[in-house]
Each structure stands twice: as C-alpha cells, then as structure tokens.
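Everything on this sheet refers to the single structure shown next.
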Amino acid sequence: MTQKSAARRRRVPPQEAGTGPTPPTIPAIPPADVLGRLAALQSAPIALLKQQWRELFGKEPPPFNRAYIQSRLAYRIQELAYGGLKRETRARLQALGEQLDGGNVVLRRIRADSRPLPGTRLLREYDGVEHVVTVRPDNFDYEGRPYRSLSAIARHITGTRWNGWTFFGLRKPGP
C-alpha cells in the first residue's frame, strides 16, 4: 500500500501524508508571558504586528487597520495561552448566528444593535423633496416597494452610488 492510499484510507489531510506543504507551526504561549505581550502590542510598529500575525495565525495578515490587527492578536495570544472556545461552543454560536440572520451574509455584516428597529421611519430631504423610508424586519420600504438595502434606495433617489447609511444620516461620512 502506498503512503498516499494509506493516507486516504485513514482520512489524513494531504499535508500529513507528505503530499503538500507543511502547515506552519504555531508557537505555544506560556500564560506568564501574556500580559507582557499584550502590553507590547500597544507600542509595536505595524510591521512587527504583521510579523506576529504570520507567526500566530500561520498566514498573511489581512489588509485591515492597526486597531483590528491589534485586537485580533490580543485575542490570539490569550487563546494560545489559555485555550480557545470548545468546538461545541463554536458550533452552537454558528447555529445561533444563522438562526438570527437566516444565513444571510449581508445581514451578518450589519451589527444587530446598529440596525434601526423595524417600524422606524427614516427621513431625508434631497433636492427639496422629503423622502421617507420605513425599516422592516428583513428589508426597507420606500414608495411602497421593498428594497434590500438603504444604498439601493439612495441610488434610486440620487441616481448615483451612495452609502445608504451615510445618506440617511445613520453613519458619519468617512474622512
């Protein structure tokens, strides 16, 4: 029996069967080192944070801002030192999330506490005309038509692309 067929029979991932790249080794972090490492994140240059990301996650860092990378590194350091969530807990959280948003990825990206409550009326005056949008549990109502997003309504009103949350004053415009 070849090594590859033995790996298939035991359902071993190809990396362990010697047919693919070896996954990076993630270092263990002693609990006594956690506070010092967390404090060091605050003053570390971004290049060092990205290097730590590669070491602790075994992959390239995402193109996000410093605060995001710092917070994820802080969690990862504690996770490696004290242990992460049990597989059952992660599965339960995933099931609850899907139950909450029905598996809709768009809704998942919108924090539940930032979305206006159903029944809320959003008012916006544009070109001397007052526009009223009613928030529904799963969509938005404008002129008797359902829309999936506020951005689609803003585009309908203005004829140009807008962030709907910014257009209706729910979020401050970016820099």
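The table below gives the values:
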quantity	calculated
Hits in region 119-137 - residues which are under 28 Å from residue 99 (Cβ atoms) and surrounded by 11 or more Cβ atoms within 10 Å (Cβ to Cβ)	120, 122, 133, 134, 135, 136
Residue check, residue 111 under 30 Å from residue 42 (Cβ atoms), in a loop (DSSP other than H, G, I, E, B) and either at pLDDT below 90 or of a type in the set (S, T, N, Q) (or both)	yes
Considering residues of region 139-170 that are in contact with a Gly (Cβ under 9 Å, 6 or more places away or on another chain) and touching a residue at least 24 places away in the same chain (Cβ under 8 Å) only, the residue surrounded by the most Cβ atoms within 10 Å (Cβ to Cβ)	150
Verdict on residue 88 being at pLDDT 90 or above, under 30 Å from residue 30 (Cα atoms), part of a helix (DSSP H, G or I) and of a type in the set (D, E, K, R)	yes
In region 37-64, the residues that are in a helix (DSSP H, G or I) and of a type in the set (A, V, I, L, M, F, W, C)	38, 39, 40, 41, 46, 47, 48, 49, 53, 56, 57
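Yes/no matrix, rows are residues, columns are (1) surrounded by 10 or more Cβ atoms within 10 Å (Cβ to Cβ); (2) modelled with pLDDT under 90; (3) under 20 Å from the mean Cα position of the chain (by Cα):
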{"site": "37", "(1), (2), (3)": "yes, no, no"}
{"site": "55", "(1), (2), (3)": "yes, no, no"}
{"site": "75", "(1), (2), (3)": "yes, no, yes"}
{"site": "97", "(1), (2), (3)": "yes, yes, yes"}
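The values are calculated or read from the model by the stated rules, or taken from the named source; none is laboratory data. These figures come from a predicted structure and were not determined experimentally. Positions of Cβ are backbone-derived with ideal geometry, glycine not excepted, and every protein chain shown enters the neighbour counts.
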